[in-house]
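The values are calculated or read from the model by the stated rules, or taken from the named source; none is laboratory data. These numbers come from a predicted model, not from an experiment. Ideal geometry is used to build each Cβ from the backbone, glycine not excepted, and the neighbour counts take in all protein chains shown. Ligands, DNA and RNA are excluded from the accessible area calculation, which covers all protein heavy atoms including side chains. Shrake-Rupley method; radii C 1.70, N 1.55, O 1.52, S 1.80 Å.
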Amino acid sequence: MSLVETSILLATFCASLLGSRVVRRYALQSKLLDVPNIRSSHAVPTPRGGGLAIALAFFAGTSALLLLGLLDGKAMLALAGGGAIAWVGFLDDHHQVSARWRFGVHLAAAIFVVAVLGAIRLAVFRGLGPGAYWLSAFLAVFTFSWATNLFNFMDGIDGLAAGEAIFMAAGGAILNYVNGGDVGLTAAMACLSAATLGFLLWNWPPARLFMGDVGSGFLGFTLTVLAFAISQRGGVPIGVWAILGGVFLVDASVTLIRRMIRGDRWFEPHRTHAYQHLARRWHSHLPVTLLAAAINVGWLFPWAWYAARSPAQAMFCVVVALVPLVALALLAGAGKP
């Protein structure tokens, strides 16, 4: 990584770190607090909205990459869709935007990205002719919408969502670099990791600032845009991203499926994720956040590395990496009341 790119990353980190302090002060003055309720995993009112600092710092960093010719305009245009996600999240943190409007913005942003970048032509759809593109496009839009809400579902305890985003962004940047992928997208991934790290220092247990919907939706969406673009350009196979995001993907999916089978109103807020059960069982957020980090670094990253270096084995690696996590999620009580 060049001195210029390193400087941009350091500036992005500092902008997020200082920006989080400004947002926290604003939240305290505006009474923008996350007040504990029956579904909460925290016990004291905490300022929220820190994700705004992540988004602004990230866009500042990627704008610098664009101006220096390191990031192409097409990728930057697709990333701009994350601005809409952050905007509706910011409004929701302040005024409770209806689910219909939030979903509408999420869907529009997903369609916009696919229109800009195009769909990934998956080998499994070969032989379908023109229908292959539209099926791939539909799956891409669904994935963007799911990932946007995935981080919102999993942002329930201190440090967990920010730590996951840092791991996925840093891991994706490393794998794309090693595989000789697009330099600008590698730098953009690193910028996202740096921006989130600046916020994490305020969100580390016990948290002094929550990211809010402005941060959780933005992170889920932006990570997916970058993963999508990198996979399109041959840097990292698409299945590798499922491995890197395995902790969130498995916990959210197992919880959702069990709630649907039981006949719960699965679309309503709840506190039945595996990480929430563990936080209550261990009476602390820190060990759960550290456990997720250990699984990410010690188990998932080696499988992601192997899958990235051996694309023909990527789907096999996805199964081997995630099946044990399904068992752990069930043991932890994912989806149980």
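What the table shows:
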{"item": "C-alpha center-to-center spacing [the stretch 211-253, the stretch 177-193] in angstrom", "result": "14"}
{"item": "Per-residue SASA entry for ARG258, accessible area with 1.4 Å probe, Å² rounded to 10", "result": "80"}
{"item": "Ranking by accessible area, most exposed first, for ARG25, ARG100 with a 1.4 Å probe", "result": "ARG100, ARG25"}
{"item": "Total charge dipole magnitude, the chain, about the Cα centre, Cβ charges on Lys, Arg, Asp, Glu only, Debye to nearest 20", "result": "600"}
{"item": "By accessible area with a 1.4 Å probe, ligands and nucleic acids excluded, highest first: order of VAL240, VAL35", "result": "VAL35, VAL240"}
{"item": "Which label in (i) 73, 62, 37; (ii) 81, 43, 41; (iii) 52, 46, 38 gives the computed Cα extents along the principal axes in Å", "result": "(iii)"}
{"item": "Global geometry of the stretch 267-321, whether rounded, prolate or oblate, following the gyration tensor of its Cα atoms and the 1.5 cut on a/c", "result": "oblate"}
{"item": "Per-residue SASA entry for LEU322, accessible area with 1.4 Å probe, Å² rounded to 10", "result": "20"}
{"item": "Debye, to nearest 20: dipole size of the stretch 134-270, +1 on Lys, Arg Cβ, -1 on Asp, Glu Cβ", "result": "180"}
{"item": "ARG281 accessible area, assembled protein chains, probe 1.4 Å, Å²", "result": "130"}
{"item": "Within-13-Å neighbourhood charge of PHE151 [Cβ basis; K, R +1; D, E -1]", "result": "-4"}
{"item": "Span from the the stretch 261-337 Cα centroid across to the the stretch 62-87 one, whole angstrom", "result": "31"}
